[in-house]
1. Condition check: assigned to a helix (DSSP H, G or I), at pLDDT 95 or above and closer than 30 Å to Ala12 by Cβ. Does Leu122 satisfy that?
2. Pairs needed: first member in the stretch 50-70, closer than 21 Å to Tyr242 by Cβ; second member anywhere, in a strand (DSSP E or B); C-beta distance under 8 Å; at least 6 residues apart or different chains.
3. For the stretch 125-147, which residues satisfy the criterion of being among the β-branched types (Val, Ile, Thr) and in a helix (DSSP H, G or I)?
4. Pairs, please: C-beta under 7 Å, at least 6 apart or cross-chain, first residue of a type in the set (S, T, N, Q) and in the stretch 115-136, second surrounded by fewer than 21 Cβ atoms within 10 Å (Cβ to Cβ) and part of a helix (DSSP H, G or I)?
Amino acid sequence: MKAVLIDKVTPAQDAVMSEVQIPAVRPGWILVKVMGFGLNHSEQILRLSEINAPYIKKPVVPGIECVGIVEDPSDSGLRKGQKVISLMGGMGRSFNGSYAEYALLPETHVFPVETEMSWAELAAVPETYFTAWGSLFECLDLKPEDTFLIRGATCALGYASIQIAKALGCRVIATTHKESKFDLLKEADEVLLDTGDLAETLKTKGITKALELVGPKTVKDTMLGIQRGGIVCSTGILGNVYVLNGFDPIKDIPNGVYLTGFFSNYPTQEVITEIMDFLNVHHLSPCHGAEYSFDNIRQALMDMDGHKVNGKIVVIKEEV
C-alpha cells in the first residue's frame, strides 16, 4: 500500500509516498480502508520536532484521525464494509496512523457511524468535532442562554465551535488577531480584534463561557474578562506558548471563575453518536476549508504549513 512514512524531521516539501506492507490483522485491532482524513496541527508538530522524541515509534505513519470502511474486523464484532470513524489513542505516534491506504487500529478507538455524508464531509468530523463537543459540553456545560467567547476562532476548531454554539442558541463572540479574517467569522454575533490585552473589553460583554484556543499566551487575560461564575476551557495552543511558567492558581485564577481544559485522547462511541445525531438534527454540514486527493498529500501538507487554507484541510481517496 501507499503511505507517508517518517523517521526524522520532515518539512512538508520532503514528505514522500512510500510502498509498505498492508498491516497484518491481530486480535483487538481492526484493519480499516482509509477513505479520508483531516490534517491537524499536532501532526505538523510531530513532523517538525516531536519525531525526535524517544516515545515516538519510528518510522511512523502520521495521522491522528481517519474515516473509512472496515476491511477486516478481526474479533471486534464489527462487519466488513461498515463505515467507521477513528481517532487518537496513540494513533500516528505509538502506532501507524492515517496517512496511508490502510490503517490497523485498536478496536477501542474505531467507531461505526451511519451517515449519508460524503467522505470529505465525514473526514472533517473526527478530531475537530470531538474536541469541540468535549470542550463545549463536557468542560463548559454550554447552554442556549450563555454568551460564549471563542478566543482564536479562525481555525478548524473555532469554526466548528461557532457552528455548534449557534445551533444550540448561544450568543457567540469570536476573536481573531487579523482584521482581514473578520469575514471568516461572520456566523458569530460579534467579532473582536485580539490585541492580546482584551480583558477590559471582554468585561463589558457579559461573557459566561469561554473557549480559549490561543492557549497559555492569553488564558489569564481571558479569565480576567469573563463574569463571576463563568468557565474558561483552555483547549488550543495557537499562540505557540505551551505552558505557563510561574502560574499561581491562587492569584492568577480570579475569584469565582473556573478554569478547565479538554484532552481529546479518550473518544467513546456514545459521544461520537451524539455528535453525528446533533449534526443530523440541526442539518449541519461539517466545516472544512479545502479538499486534496491522497496522491496530492504533499501539497496539502505544504499548504497547511504555509497557512494557505482557512479551516480544516481534508485528504480523500477516490470513491470505490
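1. Criteria met by Leu122.
2. Hits for this filter: Ile51/Ile6; Ile51/Val60; Pro62/Val4; Pro62/Ile6; Ile64/Leu87; Ile64/Met91.
3. Thr128, Thr131
4. Thr115/Met276
The values are calculated or read from the model by the stated rules, or taken from the named source; none is laboratory data. Values in this document were obtained by computation on a predicted structure and should not be read as measured data. Every residue, glycine among them, receives a Cβ derived from its backbone with ideal geometry; neighbour counts consider all protein chains shown.
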